[in-house]
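The values are calculated or read from the model by the stated rules, or taken from the named source; none is laboratory data. Keep in mind that this is a model prediction, so the values were computed, not measured. Note that we place each Cβ from the backbone using ideal geometry, even for glycine, and neighbour counts take in every protein chain shown.
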Amino acid sequence: MKIRRRNIIGLLLSLMLLLCGCGEEQGTTGAIDHKTPVNDGGTIVVGVSQVGSESVWRSANSKSVQEVFTKENGYYLIFDNARQKQENQVKAIRNFISLQVDYIVFSPITEDGWETVLKEAKDAGIPVILMDRKLENKYDGLYTTWVGSDFYGEGVKAGRWLEDYLGDKTEQVNMVVLKGTKGASSMIGRTKGFQDVAKEHSNWKILEEADADYTTAKGEEEMERLLKTYPDIDVLVSQNDDMTFGALKAISAAGKSTGVGGEITVISFDAVKRALELVEKGVINLDVECNPNQGEKLAEVITRLEKKQNIEKAYYVDEMIFTPEKVGLYIKDRTY
Ligand code: AHR
């Protein structure tokens, strides 16, 4: 593995040329600090390509990375926001390759479609570290490691909780699922995990799984449509809190109640502060945590690579589930 240390002024000049050379607007390229010292041979240059800013979770994930890859910690961060477009991520990674960064960190919007650009990074000798979302198995040789959540496990946790909650109920339970971004590993894992538990229960009926792209606007729009299509929904499984916020609006506009003692049982994912407050109020029944604080682990992995120490192919962050009974203990410490 070839690790370079770029002269930071050289890097800045290349960065400026790249940005000026492009007629169209780039994603947010952060950390362009013109006061960066010239002879800084020890600085580790990290290019981060983030999916976008579609959710509260995503902003927390970006913050966690930006807080760790700082000048004080010995890093020079080039941060790019791809605004939910794979082509922007590919462009950002190519820019990182041209700039000869030391490491590329990226959260792939979808599991597939990266062959060419990842081969380019490999040929350039730049280690690629995945954060948050995973890639299809065929890409295993094209990235160094991954830091993120067990999405399949999250889906299973949701299913197992519902199993307990419903107890020995034998009547049909009608469910709808609001799914995250098409092709994203978090959407694929959560869907499969929940489906696998659902298959064990002949009375669980998934009426529809609707794409809502992890956004509040889509969550509201799709839930409004689902409520009109299916008048007897018992359970909503919404794959992130932002979609849940939109769905709750649609449900209340339709004159229905949710949560503890309500008509529709609500299961959400992420566990951001605003959602945990709704769990405490009993509006959301369960929130399955997805931990966005991945910056520290990413830095730890880079330190190990710098020291030429062994690393694992995957690092899972810790996660739990929140129900009204115990959520109060955690709300005040939630920063996002
Ligand atoms: O990939 C993680 C998911 O992406 C989070 O659950 C969601 O909020 C985000 O947009």
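Here's the yes/no breakdown for (1) touching a Lys or Arg at 6+ places or on another chain (Cβ under 7 Å); (2) within 16 Å of the ligand (Cβ to nearest atom); (3) over 30 Å from residue 83 (Cα atoms); (4) outside any loop (DSSP other than H, G, I, E, B):
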residue	(1), (2), (3), (4)
135	no, yes, no, no
159	no, no, yes, yes
165	no, no, yes, yes
168	no, no, yes, no
178	no, yes, no, yes
193	no, yes, no, yes
201	no, no, yes, no
Residue 50 vs. criteria within 14 Å of the ligand (Cβ to nearest atom) and on the phi > 0 side of the Ramachandran plot: no
Tell me the residue from 244, 215 that is within 28 Å of residue 107 (Cα to Cα), in contact with an Asp or Glu (Cβ under 8 Å, 6 or more places away or on another chain) and within 16 Å of the ligand (Cβ to nearest atom), please. 215
Filter result for residue 183 (more than 16 Å from the ligand (Cβ to nearest atom), at pLDDT 95 or above and at positive phi): no
Would a scan of the range 65-72 turn up a residue that is under 20 Å from residue 144 (Cα atoms), more than 16 Å from the ligand (Cβ to nearest atom) and at pLDDT 55 or above? yes
Quick check on residue 109: is it more than 16 Å from the ligand (Cβ to nearest atom), assigned to a loop (DSSP other than H, G, I, E, B), in contact (Cβ under 8 Å) with a residue 12 or more places away in the chain and buried (at least 23 other Cβ atoms within 10 Å of the Cβ)? no
Taking the options 142, 178, name whichever one is touching a helix residue (DSSP H, G or I) at 6+ places or on another chain (Cβ under 6 Å) and either surrounded by fewer than 16 Cβ atoms within 10 Å (Cβ to Cβ) or in the same structural domain as residue 117 (by TED's automatic domain parsing) (or both). 142
Just to be sure before I move on: is residue 68 surrounded by 19 or more Cβ atoms within 10 Å (Cβ to Cβ) and over 30 Å from residue 243 (Cα atoms) in the structure I sent? no
Do the conditions hold for residue 289, that is, is it surrounded by fewer than 23 Cβ atoms within 10 Å (Cβ to Cβ), under 25 Å from residue 163 (Cβ atoms) and in contact with a Lys or Arg (Cβ under 8 Å, 6 or more places away or on another chain)? no
Find all pairs meeting these conditions: Cβ atoms under 9 angstrom apart; at least six residues apart or on different chains; first residue within the range 230-243 and of a type in the set (Ser, Thr, Tyr); second residue near the ligand (Cβ under 7 Å from one of its atoms). 238/269
Would it be correct to say that residue 154 is under 26 Å from residue 132 (Cβ atoms) and acidic (Asp, Glu)? yes
Based on what the data block shows, is residue 154 assigned to a helix (DSSP H, G or I), touching a Lys or Arg at 6+ places or on another chain (Cβ under 7 Å) and of a type in the set (D, E, K, R)? yes
Any residue at all in the range 55-63 that's away from the ligand (no atom under 16 Å from the Cβ) and either closer than 19 Å to residue 336 by Cβ or at pLDDT 95 or above (or both)? no
Residues (surrounded by 13 or more Cβ atoms within 10 Å (Cβ to Cβ) and assigned to a loop (DSSP other than H, G, I, E, B)) located in the range 181-191: 181, 183, 184
